[in-house]
Amino acid sequence: MDHSADAYRTDLMTITRFVLNEQSKHPESRGDFTILLSHIVLGCKFVCTAVNKAGLAKLIGLAGETNIQGEEQKKLDVLSNEVFIKALVSSGRTCILVSEEDEDAIIVEPSKRGKYCVVFDPLDGSSNIDCGVSIGTIFGIYTLADVREPTVEDVLLPGKKMVAAGYCMYGSSCTLVLSTGAGVNGFTLDPSLGEFILTLPDIKIPKKGKIYSVNEGNAKNWDGPTAAYVEKCKFPEDGSSPKSLRYIGSMVADVHRTLLYGGIFLYPGDKKNPNGKLRVLYEVFPMSFLMEQAGGQSFTGKERALDLVPTKLHERSPIFLGSYDDVEEIKALYAAEGKEE
């Protein structure tokens, strides 16, 4: 890639232009989705700036409250949550919002209601702010049929009903990865322009990878198939090279690497947390949606992740996602265990 030539390119594909191009393929479209997305993008830019200034602005200290998951909230969590709620409500295109930070769903007032429901984790991996590890925002979008009297039940839909999903990673650069159901594209924020530019067009995950990503500190509590799979990664029986372990502990960063380089990301259930720790609506579903759109797979240990029907807002689920062949292997181990039972 000729970076010097790239620096002076004038024909840049911004995220706004990209989404408008997609919109033009649907003549019936009224532009509601484009408007909603532009508000999400604005929220991401705001949080990116706040994350970069966190150390300077004394935002790192604990806000002194605990969110509904029992995690101590950082000031940036609170700020990010407020930013996204205000951005989404002011778009006039949403009717229900579900945030990781709020116990109850937010029902948008009738005068500002639209047809979309947005589920999001405003700042995933925020415990890593202090040490400079990449963190991010995860979001998923549903369309609701009836917006006159929206209820919480309207949001408890399987992930396959999502119309779009994405994440924004705040790291060495600010990267927004998005799928509207027709492949996956990555955009990088150009700070000099204040615009997200298409830098990773049509992302496809390798069919098989050389990396596995899991918190091995939980190994003593794992079930049989997970333990067997990780053992196979380290000591392959077919004479192939062992896989490399890479685990950051920030879901956005781990999934981003898996998406680009291939491999598998695991957060299994165990004896301590039988349902795992990742939340279905705004962590498992959006990441599974992206992974499938990029040609990978996502599995809960029982079924395809996007087929899962949640029964409550902050429900959790085990998750295995990544390269198609790698997820096939763990599926085979769970199937074998099922037959033995």
- For the stretch 275-311 the number of residues that are within 23 Å of S99 (Cα to Cα) and not hydrophobic (A, V, I, L, M, F, W, C) is 13
- Message: Go through the stretch 223-243 and report how many residues are open to solvent by less than 50 Å² (accessible area, probe 1.4 Å) and either closer than 16 Å to S323 by Cα or among the hydrophobic types (A, V, I, L, M, F, W, C) (or both).
- Response: 6
- Query: Which of the helices (runs of 4 or more DSSP H) contained wholly in the stretch 1-99 include at least 3 residues that are at pLDDT 95 or above?
  - Reply: 32-53, 75-90
- Selection from the stretch 304-333 of residues that are open to solvent by less than 30 Å² (accessible area, probe 1.4 Å) and assigned to a helix (DSSP H, G or I): A305, L306, D326, V327, I330
- Working only within the stretch 280-302, note down all residues that are open to solvent by 10 Å² or more (accessible area, probe 1.4 Å) and part of a strand (DSSP E or B). Q297, F299
- Message: Take the conditions touching a Phe, Trp or Tyr at 6+ places or on another chain (Cβ under 9 Å), modelled with pLDDT of 95 or more and within 19 Å of A305 (Cα to Cα) and apply them to V155. Does it pass?
- Response: no
- Message: Cβ-Cβ under 6 Å, sequence separation 6+ or interchain: first residue in the stretch 328-339 and under 18 Å from G269 (Cβ atoms), partner among the small types (G, A, S). Which pairs?
- Response: L333/A228; Y334/G301; E337/G224
- Message: Based on this model, can you work out whether L176 counts as under 21 Å from L259 (Cα atoms), open to solvent by 50 Å² or more (accessible area, probe 1.4 Å) and at pLDDT 95 or above?
- Response: no
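Working only within the stretch 184-202, note down all residues that are open to solvent by less than 10 Å² (accessible area, probe 1.4 Å) and either of a type in the set (D, E, K, R) or outside any strand (DSSP E or B) (or both). I'd like the intermediate steps shown before the answer.
Initial filter on the stretch 184-202 (open to solvent by less than 10 Å² (accessible area, probe 1.4 Å)): 184, 186-187, 196.
Residue satisfying the conditions is V184 alone.
The values are calculated or read from the model by the stated rules, or taken from the named source; none is laboratory data. The model shown is predicted, which means the values in this text are computed figures rather than measured ones. Quick reminder, even Gly has a Cβ in these numbers, built from the backbone with ideal geometry, and neighbours come from all protein chains shown. The protein model used for the area step is the full one, side chains on, heavy atoms only, and it has no ligands, DNA or RNA in it. Shrake-Rupley method; radii C 1.70, N 1.55, O 1.52, S 1.80 Å.
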